[in-house]
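Here, each number is a calculation from the coordinates, and none is a lab measurement. Please read all numbers here as calculations on a predicted model, not as lab measurements. Cβ placement follows ideal geometry from the backbone for every residue including glycine, while neighbour counts extend to all protein chains displayed.
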Ligand code: DX5
Ligand code: ZN
């Protein structure tokens with residue numbers, strides 16, 4: 001089995017010292033850098049946009065995992081690509097023509113992910129799963145860091161894992177929101193591949209130590 005990946009979320013970093021946060025991630029055991037883009041329309045909050053991602057990309061040595069919490073994400077595919085994005089994830093709830101958007105993301109040269117809000121069942125992806133590089137299950141309502149993990153996510157995760165295994169698809173499963181060491185362990189035992197961790201990492205006295213612990217949770 002492939003070892004799981006850890007993607008620290010920059011949203012929880014000190015924005016006055018973003019360079020230090022990126023350096024910490026570069027030197028850590030983190031696999032990806034997770035970047036949360038919010039538009040104040042799809043979610044009730046605004047985070048940061050392309051100028052910040054570009055600046056981060058210039059110094060970040062880890063692949064960029066860009067999570068777009070915006071309406072009409074298909075309009076921004078080339079801009080997201082030009083930032084140096086590795087994985088571009090769009091919300092199912094924000095895409096009227098999801099299949100077309102996924103094809104365009106791949107044609108632009110990026111990996112394509114689809115994100116599901118807590119209330120959206122994994123079964124809606126049945127007919128597109130094999131086209132996806134990743135499915136991201138939100139384990140909190142998108143828009144804010146530091147919220148509590150929604151336990152029903154574990155049931156969704158099990159159903160998604162079974163769907164992917166049944167189809168023998170290579171699709172990764174990422175989970176985002178409210179993850180700490182205990183939650184992380186439960187998620188890995190239920191078949192998660194990538195864990196996004198924000199406040200638990202950046203709120204810690206030694207963030208890189210927490211990343212190492214998350215990375216080495218299972219033997
Ligand atoms: C929430 C974001 C998450 C958030 C996770 O809308 O998508 O990536 O930064 O932060 P924590 O780990 O604090 O829940
Ligand atoms: Zn996110």
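Structure notes:
- Cβ-derived FRET efficiency at R0 30 Å, residue 27 paired with residue 141, nearest 0.05: 0.40
- Shape of segment 39-111, Cα gyration tensor, a/c cut at 1.5: oblate
- Taking the centroid of alpha carbons for each part, segment 49-68 and segment 201-219 are 21 Å apart.
- Estimated FRET transfer efficiency (residue 3, residue 41; beta-carbon r; R0 41 Å; 0.05): 0.65
- For the chain, the Kirkwood radius over C-alpha pairs fed into Stokes-Einstein at 25 °C and 0.890 mPa s yields D = 143 µm² per second.
- Net lengthening on full extension, residue 104/residue 81 (0.36 nm per residue, minus Cα-Cα): 7.2 nm
- Placing a pseudo-label 7 Å from each Cα along the Cα-to-Cβ vector at residue 152 and residue 213 gives an inter-label distance of 3.0 nm.
- Extension reserve of the residue 206-residue 169 stretch, reckoned as 0.36 nm per residue once the Cα distance is removed: 9.6 nm
- Percentage relative contact order, segment 47-164, counting C-alpha pairs under 8 Å, at least six apart: 19
- Once the chain from residue 14 to residue 161 is taken as fully extended at 0.36 nm per residue, the excess over their C-alpha distance is 49.5 nm.
- Cα-based shape type of segment 110-219, given that a ≥ b ≥ c are square roots of the gyration tensor eigenvalues and the cut on a/c is 1.5: prolate
- Antiparallel content of DSSP bridges confined to the chain, in %, to 5: 5
- Dividing the helix sum by the residues of the chain, where each DSSP H run of 4 or more adds -39500 (n - 2.57), gives a mean residue ellipticity at 222 nm of -9500 deg cm²/dmol.
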